[in-house]
Amino acid sequence: METFYDVISGDRPVLVDFFATWCQPCRAMHPVLEQVKAELGDKLRIIKIDVDKNEQTAGQYGIQAVPTLLLMRNRQVLWRQSGMMSKAGLIDALTPFLQ
């Protein structure tokens, strides 16, 4: 079984969505993330981490608000943003890291 650390350890960029099931903005981000994945395809992987079920991981990355997005590669945080984002805004923010 692939672990969180297996996923973020590779050369392929990984967008990590730290969310909570009770969080309305987190629910609103789900379709945005699906649209981003549809547009960017294999340029990145998107995973979701429930902060209530993964408190240690959330704490390790200093997650204090949800949703929080981290773009990671080789276990390094390349970019970070908390709060809602539009599809266009998210793609604009991620594109420089996907070249």
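No value in this document is a laboratory result; all are computed from the given coordinates. Remember, predicted model here, so these are calculated numbers, not experimental data. Using ideal geometry, Cβ is built from the backbone for each residue, glycine included, and neighbour counts are taken over all protein chains shown.
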Quiz item: Within the bounds of segment 64-74, is there any residue that is closer than 15 Å to residue 98 by Cβ and of a type in the set (S, T, N, Q)?
Solution: yes
Practice problem: Can you give me the number of residues within segment 15-55 that are basic (Lys, Arg) and touching a residue at least 24 places away in the same chain (Cβ under 8 Å)? | Solution: 3
Quiz prompt | Of all residues making up segment 63-99, the number that are charged (D, E, K, R) and touching a Phe, Trp or Tyr at 6+ places or on another chain (Cβ under 9 Å) | solution = 3
